[in-house]
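This report concerns only the one structure given below.
The values are calculated or read from the model by the stated rules, or taken from the named source; none is laboratory data. Quantities reported herein were computed from a predicted structural model and do not represent experimental measurements. So basically every Cβ, Gly included, is an ideal-geometry build from the backbone, and we count neighbours across all protein chains shown.
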């Protein structure tokens, strides 16, 4: 199956008039693409344009690609017209399986098979969505994080009938289009980022339910504690670098017993040799040949930059 | 019990030569205090000075208080000398209960009873630490987040024998000293921030153990997804603002069923009316009279600032 060179893509169709569909349309416009936005009903047009115009202010502040313009946006309620000439489809239709399946059945009929379709769904698997699509090989999940015009993450995975080349193509295309692609290993509920956030969120709800913290306490703790560091390093490298020369190995050997402590309602997995090796090898791979003092200095420089940006 | 006006404090003793003790010493120096650092052994001096000098570069970039100088640091191995004239003690001794209890017994004898002692412990309760102290009323937890010279959070709570006025004094003092104090409601393991982080961390370990993600995937997801937004808004307000006019009420009514979905291994608490009200009231209190569009615009401005700061 041959897909076009992702760098040659010029025309994208964004399906959906909500904050996600509108956010995607704005992002692609800001990166210099021609964008057609498909909306279900003309009454949705003002809401779509409001999302796009709000996003445009931020995207302009971040820096537009050469030739990027809101004039390159077309809005239509005709699906066939919407996908005419499109080289990539970002689908952000309502989160209902029947709606998505009907849409993919139609898209599967009217689109050439070398046009990849990425779904913004956060709650469904592509295996389910593509079930009634006659040409499911090119359908993938391409899940953004809200707001999609600002946060770079896109989580990518195919369904059972997806061509692995379509997954690879989507990852390459999203990167060209200015996003941070993450190709997932398994079709798991919540994908990666939402699972991490959801664990934190449910612990927060437990604390509020038990009178241990208020919503204000939760946000105060995050904003002034783990969040700025996590935005700079992630959590694996935060622990790796904090443990000096020993890195993640020291973290797990020294604080491993703390995984049994009641520091959250979530029980940790057994710290097997295999898990320890995966964590240590993974952190060493990220670190490459950088010394921990160099990574700590970079962490500090970046946290200072974040704190100053938030203060000013 | 009368404590001095927190704004009149000029002399602080920081106990401990590790990254936490050294980080605290550097923070207080940067805020213009006279600081005496107590170290257990003179051999620890180079490590302490290395932490302080590393921190000083970042603190200088963030902006020093008038008169702040490394020349206002004294280092000693004599505990009595170290606390002489101190108006506040930040204790960051090794995380062993026997060591802490012996130290607090001694501090309880040699320090006037109006000098508050804050402990950096992350794993113990003040009820345990103060058990052998003859003057436990002024002892509190004052738990920083690593690196303590950069991240503003300090979690504060007393033990069973602590005077509530000492807790209030510590909160007022930390605020004067440039930190973001969070007075906790209950003595719970992991306090607030570490519990949130630990839930996320254990979900991450589960994913790595199950081959669902690598350490690099975890950090890529955080850095490009939830973390920058969490650094700007926290998580409660992120959901409140994302749901538009309906705010947290809409979030819980619409996504409440998702709390039962397997989006993390952590089971959510029952979404009772009481919990819903606490979440909604808490978010409305944080929002005050700000409209959601105003808060969304502020979120976007700040995320843009964070992304630009990290990019440049």
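Details
- Within the stretch B:157-180, not a single residue is under 30 Å from residue A:284 (Cα atoms) and either crowded, with 21+ Cβ neighbours inside 10 Å or touching a residue at least 12 places away in the same chain (Cβ under 8 Å) (or both).
- Residue list for the stretch B:72-122, restricted to those being more than 26 Å from residue B:5 (Cβ to Cβ), under 24 Å from the mean Cα position of the chain (by Cα) and in a loop (DSSP other than H, G, I, E, B): B:93, B:94, B:95, B:96, B:121, B:122
- Helices (runs of 4 or more DSSP H) fully within the stretch B:153-254 counting 3 or more residues that are more than 11 Å from chain A (Cβ to nearest Cβ) and closer than 23 Å to residue B:128 by Cβ: B:164-176
- Qualifying residue in the stretch B:63-74 (condition: crowded, with 18+ Cβ neighbours inside 10 Å and over 22 Å from residue A:307 (Cα atoms)): yes
- Among the numbered conditions (1) closer than 28 Å to residue A:169 by Cβ; (2) in contact with a strand residue (DSSP E or B) (Cβ under 8 Å, 6 or more places away or on another chain); (3) assigned to a helix (DSSP H, G or I), the only one that residue A:45 does not meet is (1).
- Note on the stretch A:260-284: residues that are facing chain B (nearest Cβ under 7 Å), free of Cβ contacts under 8 Å to residues at least 40 places away in the same chain and assigned to a helix (DSSP H, G or I) total 2.
- Taken together, A:294, A:267, A:216 contain a single residue that is within 22 Å of residue B:220 (Cβ to Cβ) and surrounded by fewer than 17 Cβ atoms within 10 Å (Cβ to Cβ), which is A:294.
- Flag if residue A:54 is surrounded by fewer than 23 Cβ atoms within 10 Å (Cβ to Cβ) and touching a helix residue (DSSP H, G or I) at 6+ places or on another chain (Cβ under 6 Å): no
- Verdict on residue B:253 being under 20 Å from residue A:208 (Cβ atoms), over 25 Å from the mean Cα position of the chain (by Cα) and modelled with pLDDT under 95: yes
- Selection count where residues are under 23 Å from residue A:242 (Cα atoms) and either touching a helix residue (DSSP H, G or I) at 6+ places or on another chain (Cβ under 6 Å) or crowded, with 21+ Cβ neighbours inside 10 Å (or both), scope the stretch B:1-51: 21
- When residue A:289 is tested against (1) surrounded by fewer than 18 Cβ atoms within 10 Å (Cβ to Cβ); (2) part of a helix (DSSP H, G or I), exactly one condition is not met: (2).
- Residue within the stretch A:133-148 that is assigned by TED's automatic domain parsing to the domain that holds residue A:38, under 30 Å from residue B:230 (Cβ atoms) and surrounded by fewer than 23 Cβ atoms within 10 Å (Cβ to Cβ) present: yes
- Filter result for residue A:22 (at negative phi and at pLDDT 95 or above): yes
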